[in-house]
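Okay, so here's the structure we're looking at.
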Amino acid sequence: MFGLFGNKKQDHTATINNGEATITVKAGDNLLKAALEAGLAWPHDCRVGSCGTCKCVIKKGKIKALTDFSYVLDGEQLKAGTALACQTALKTDIEVDVEMGEALATQLLELEGKISQVNELTHDIKELVVKCDTSFKREMMAGQYAEISVKDISAPRSYSFAKAPRNEKDDEFSFYIRKVPGGEFTEWLFAENRVGTEIKLGAPYGQFYHRPLNTQMVCMAGGSGMSAIKAILEECVLEQVERNCIFLFGAQEERDLYCDEDMQRIKQQWHKDYKFEYVTVLSANKEGSSWTGPTGYVTDYFKQAYMDTSTFDLKDAQGYLCGPPPMIDSAIELLKSGGIDEDSIYYDKFLDASSIPGGR
Ligand SMILES: Cc1cc2nc3c(=O)[nH]c(=O)nc-3n(C[C@H](O)[C@H](O)[C@H](O)COP(=O)(O)OP(=O)(O)OC[C@H]3O[C@@H](n4cnc5c(N)ncnc54)[C@H](O)[C@@H]3O)c2cc1C
C-alpha cells in the first residue's frame, strides 16, 4: 500500500544475522520497510537514503540499489557489501547482517482516515489534523514520525507527531507542516482547503524520542521542527521527568513564532523541583521591530549565552535537535565541542527532495 518504488515481480526473503530472523520482502517494497513491518528493531532515521542509519551488509544474494549508496557510504563500505536498507530492493533471496542497536521494535500501523482540520500556525506553517477511520492502540513514542500518503501526491511524505501520543484523541494525529516553495505535497496542502481529503498514514517511524535520564537536556528546533520537540516535552511533563531542560527555538522573524501558549503550559507543568526554560532566537529580525529578545543563530546564541558563561554544563547532558538539516549539523558540532557525548545527541533532520540523493 505504501510501496514507494513501483512494482517488482517477485517476493523474496531476507535472512538476517545468520538466521536470527527471516522476513519476506514483498515485490515493490524495500528491505527496511519489510523489516519494520515484521516488527524488527532495525535502526533507521530518514528512510530516504540520506542518513545512513539503516546500513547493513549484504552477505549473499542480489539487490537493486534504489538510489546511489555512494552519497552516504564510503568506498570501503561499498566494497564490503554495505547497503542502505531503505533503498534496497531484492532481486533474489538474500542473507544480510545488521547491528540492531537500541532501535524500537514497534509494530507498524497502516491507517486510513481523512484530513479533519487544517489550522494556520504561522504564515508558512499549518497544523494538519488527521482523523482515522478507526481507533487504535498507540504504540508510538513522542518524537517519532508518520508517513502520509495522499492520492494526488506522487510519493509519501514524513511528518513528526506534534503532540505526545497520550495527548491526542484515540483516532487522531496532529502534525505541523511548513510550506516548502516548489514542494509537491506542501504546495498542494497550502493551495486550498483540503479538509475531507482521504489520507493513508503509516506509523510509527524513527528513533527520535526521549531517553530517560536525570541529567540536563538541551533541545533546539527550527521551523516545523517545533513539532517533535514539543511532543517530547509534553511526554516529559506527563512522565514528570526529574531533570532540567532548556529549549531554544530558532526562527527568522517574529511572524515565525508559534506554540507560545504550549510552551508556557509546559513550563508551568514541568516537575516543580526542576527547571524548564524556553528561549526564542530570531535570525533575521527586521530593523525597527519591537523584538527585544535574543537575535542571531540559535546555536551561536546558546554558545554565547550558556556555554561561554558556563551557565549550562554540557557534561553528561543530552541534546535533542529537530528541524532543518543545516541547523542540526551545526548544533551537533557545537554540543560536541562543549563536551556532550555524540551518543547522547538525538536528532531528526527534516530532509526533503532537495536533500535526498538523486531527488525523490
Ligand atoms: C524524518 C522526517 C520527519 C519530517 N517531519 C516533518 C515535519 O514534522 N514537518 C515538516 O514540515 N516537514 C517534515 N519533514 C519534511 C517532509 O517530509 C517533506 O520533505 C517536506 O514537507 C517537503 O515536502 P514537499 O512534498 O512539499 O516537497 P518536495 O516535493 O519533497 O520538494 C522539496 C524541495 O525540493 C525541491 N526538489 C524536488 N525534486 C528535486 C530534485 N530532484 N532535486 C533537487 N530538488 C528537488 C522542490 O522544488 C522543493 O523545493 C520531515 C522529513 C523527515 C525525513
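Looking only at residues that are away from the ligand (no atom under 16 Å from the Cβ) and hydrophobic (A, V, I, L, M, F, W, C) in the stretch 307-331, which one is nearest to Ala228 (Cα to Cα)?
Ala331
Does Thr88 fit the bill of being hydroxyl-bearing (Ser, Thr, Tyr), buried (at least 17 other Cβ atoms within 10 Å of the Cβ) and away from the ligand (no atom under 16 Å from the Cβ)?
yes
Only one residue in Cys259, Cys236 is in contact with a helix residue (DSSP H, G or I) (Cβ under 7 Å, 6 or more places away or on another chain), crowded, with 19+ Cβ neighbours inside 10 Å and of a type in the set (A, V, I, L, M, F, W, C). Which one?
Details: Cys236 fails: in contact with a helix residue (DSSP H, G or I) (Cβ under 7 Å, 6 or more places away or on another chain).
Of Cys259, Cys236, the one residue that is in contact with a helix residue (DSSP H, G or I) (Cβ under 7 Å, 6 or more places away or on another chain), crowded, with 19+ Cβ neighbours inside 10 Å and of a type in the set (A, V, I, L, M, F, W, C) is Cys259.
What pairs come up if the first residue lies in the stretch 233-262 and is in the same structural domain as Ala331 (by TED's automatic domain parsing), the second is acidic (Asp, Glu), and their beta carbons are under 6 Å apart, counting only those six or more places apart or on different chains?
Ile246/Glu277
Before we move on, is Ala14 part of a strand (DSSP E or B), surrounded by 22 or more Cβ atoms within 10 Å (Cβ to Cβ) and modelled with pLDDT of 90 or more?
Criteria met by Ala14.
Restricting attention to the stretch 268-281, does a residue exist that is farther than 27 Å from Lys151 by Cα, surrounded by 15 or more Cβ atoms within 10 Å (Cβ to Cβ) and under 20 Å from the mean Cα position of the chain (by Cα)?
No: zero hits.
Check every one of the strands (runs of 3 or more DSSP E) wholly within the stretch 68-167 and list those with 2 or more residues that are over 24 Å from Ala21 (Cα atoms). Show your work before the answer.
On the way: elements: 82-84, 88-90, 94-97, 109-120, 125-132, 145-149, 157-160.
By residue number, 109-120, 125-132, 145-149, 157-160.
Conditions tested, residue by residue: (1) outside any helix (DSSP H, G or I); (2) in contact (Cβ under 8 Å) with a residue 60 or more places away in the chain.
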| position | (1), (2) |
| --- | --- |
| Ala305 | no, no |
| Thr309 | yes, no |
| Asp313 | yes, yes |
| Tyr320 | yes, yes |
| Ala331 | no, yes |
| Gly339 | yes, no |
| Tyr347 | yes, yes |
| Leu351 | yes, yes |
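Could you grab me the full set of residues in the stretch 127-181 that are of a type in the set (Phe, Trp, Tyr) and within 13 Å of the ligand (Cβ to nearest atom)?
Correct list: Tyr145, Tyr159, Phe161, Phe173, Phe175, Tyr176.
If Ala231 satisfies all but one of (1) at negative phi; (2) away from the ligand (no atom under 16 Å from the Cβ), what's the number of the condition it fails?
(2)
Give me the pairs: first residue in the stretch 158-183 and under 12 Å from Ala146 (Cα atoms) and of a type outside the set (Ser, Thr, Tyr), second residue near the ligand (Cβ under 7 Å from one of its atoms) and in a strand (DSSP E or B), beta-carbon distance under 6 Å, and six or more apart or on different chains, which are they?
Ala162/Phe175; Ala162/Tyr176; Phe175/Tyr159
Could you tell me whether the stretch 50-57 includes any residue that is of a type in the set (D, E, K, R) and under 20 Å from Leu109 (Cβ atoms)? It would help to see each step written out before you state the result.
Restricting attention to the stretch 50-57, the residues satisfying the condition of being of a type in the set (D, E, K, R) are 55.
Checking the rest, the ones that are also under 20 Å from Leu109 (Cβ atoms) come to none.
No, every residue in the stretch 50-57 fails to be of a type in the set (D, E, K, R) and under 20 Å from Leu109 (Cβ atoms).
The values are calculated or read from the model by the stated rules, or taken from the named source; none is laboratory data. It should be emphasised that the depicted structure is a prediction, and the values quoted were computed from it without experimental measurement. We place every Cβ from the backbone using ideal geometry, glycine too, and count neighbours over all the protein chains shown.
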